[in-house]
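First comes the structure, then the notes that go with it.
The values are calculated or read from the model by the stated rules, or taken from the named source; none is laboratory data. Just so we're clear, the structure is a prediction, and the values are computed from it rather than from any experiment. With ideal geometry, Cβ positions are generated from the backbone for all residues, glycine too; neighbour counts draw on all protein chains shown.
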Amino acid sequence: MASGISKKIIQEDPWHSLRSFTHARIALGKTGVAIPLQEVLALKLAHAYARDTVFSELDIDNLTKDLQSLELPVYLLNSLVANRIEYLQRPDLGRRLDEISLQKTGSIPGGPFDIALVLTDGLSASAVNVHAVPLLKRMLELSKKYSWSFAPVTLVQQGRVAIADEIGFLLKARLTIILVGERPGLTTTESLGAYITYNPQPGLTDEKRNCISNIHPGGLHYDIAAEKIMYLARTAIELKLSGINLKEDNNLLL
């Protein structure tokens, strides 16, 4: 009797089979006019994971070791942010390097460079820890057909997207590519974004850069993301521009 009542109370959504095709919260079923308690608790847990991810930290040791395997020097830098709370409250401080990092970046030999690669935590250091190096490996493989010179990789703690403008300017790079942890959502907390900027310099705004987002195995796969990033990099260097004036043509191959 109790089993029969339970089946009547929790009604399965007729679209339930579609859940195998997406991580989105669809076809949750219902209990009366509400969703089942199990789904409510799952939502609260996902929200807690997202909040925790904002406070995640870069795995400096492992990232440095893995980046050095790419045969590029690695420099650890910091923004002007003192702690994570300040990072969330003062986005402007996350766009500029601190004094020690300014000196360190200014003393890097070998420039000018064609491309400066920057990694920063953003709002999900976890995404950088997991996805940045596999993506970079594919990007560097694709770049072998060009004669680009790469600056040392800079790994920035407490950074925002625009911090790559200052780094690229100091390194005399024609183009910057920054990989940054994106704002965590309720279906994934480890999504990576890539921003491409030609002629980087402090003070640029977002219309000067191109973005490839949602990079993770459940979203945009590394291989496809790397192709898009390298296509935009090549086109930006050829046309000497980036941002809203640079359009992606999906029919063109590297």
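Summary table below
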quantity: Residue identified as touching a Cys at 6+ places or on another chain (Cβ under 7 Å) and either surrounded by fewer than 24 Cβ atoms within 10 Å (Cβ to Cβ) or not small (Gly, Ala, Ser) (or both) among 185, 193; calculated: 193
quantity: Out of 170, 175, 186, sole residue that is in contact with a Leu (Cβ under 8 Å, 6 or more places away or on another chain) and at pLDDT 95 or above; calculated: 170
quantity: Residue check, residue 22 among the polar types (S, T, N, Q) and touching a residue at least 12 places away in the same chain (Cβ under 8 Å); calculated: no
quantity: Answer residue from region 16-45, given it is over 22 Å from residue 131 (Cβ atoms) and among the β-branched types (Val, Ile, Thr) and is surrounded by the most Cβ atoms within 10 Å (Cβ to Cβ) among those; calculated: 35
quantity: Residue that is touching a Ser or Thr at 6+ places or on another chain (Cβ under 9 Å) and assigned to a loop (DSSP other than H, G, I, E, B), where the choices are 154, 176, 187; calculated: 187
quantity: Single residue of region 129-149 satisfying the filter (of a type outside the set (A, V, I, L, M, F, W, C) and part of a helix (DSSP H, G or I)) that is nearest to residue 230 (Cα to Cα); calculated: 143
quantity: Output for region 194-209, where each listed residue is in contact with a Lys or Arg (Cβ under 9 Å, 6 or more places away or on another chain), of a type outside the set (A, V, I, L, M, F, W, C) and either under 25 Å from residue 56 (Cβ atoms) or not in a loop (DSSP other than H, G, I, E, B) (or both); calculated: 195, 197, 198
quantity: Filter result for the condition that a residue is at pLDDT below 95, more than 15 Å from the chain's Cα centre (by Cα) and either surrounded by fewer than 23 Cβ atoms within 10 Å (Cβ to Cβ) or of a type in the set (A, V, I, L, M, F, W, C) (or both), over 244, 237; calculated: 244
quantity: Sole residue being surrounded by 23 or more Cβ atoms within 10 Å (Cβ to Cβ), more than 11 Å from the chain's Cα centre (by Cα) and outside any strand (DSSP E or B), chosen from 224, 167; calculated: 167
quantity: Considering residues of region 110-148 that are polar (S, T, N, Q) and in contact with an Asp or Glu (Cβ under 8 Å, 6 or more places away or on another chain) only, the residue surrounded by the fewest Cβ atoms within 10 Å (Cβ to Cβ); calculated: 129
quantity: Search result, residues across region 25-34 that are free of Cβ contacts under 8 Å to residues at least 24 places away in the same chain and within 22 Å of residue 184 (Cβ to Cβ); calculated: 26, 28
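Residue by residue, here is whether (1) touching a residue at least 12 places away in the same chain (Cβ under 8 Å); (2) in contact with a Pro (Cβ under 7 Å, 6 or more places away or on another chain); (3) among the hydroxyl-bearing types (Ser, Thr, Tyr) holds:
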| residue | (1), (2), (3) |
| --- | --- |
| 160 | yes, yes, no |
| 168 | yes, yes, no |
| 171 | yes, no, no |
| 211 | yes, no, no |
| 216 | yes, no, no |
| 220 | no, no, no |
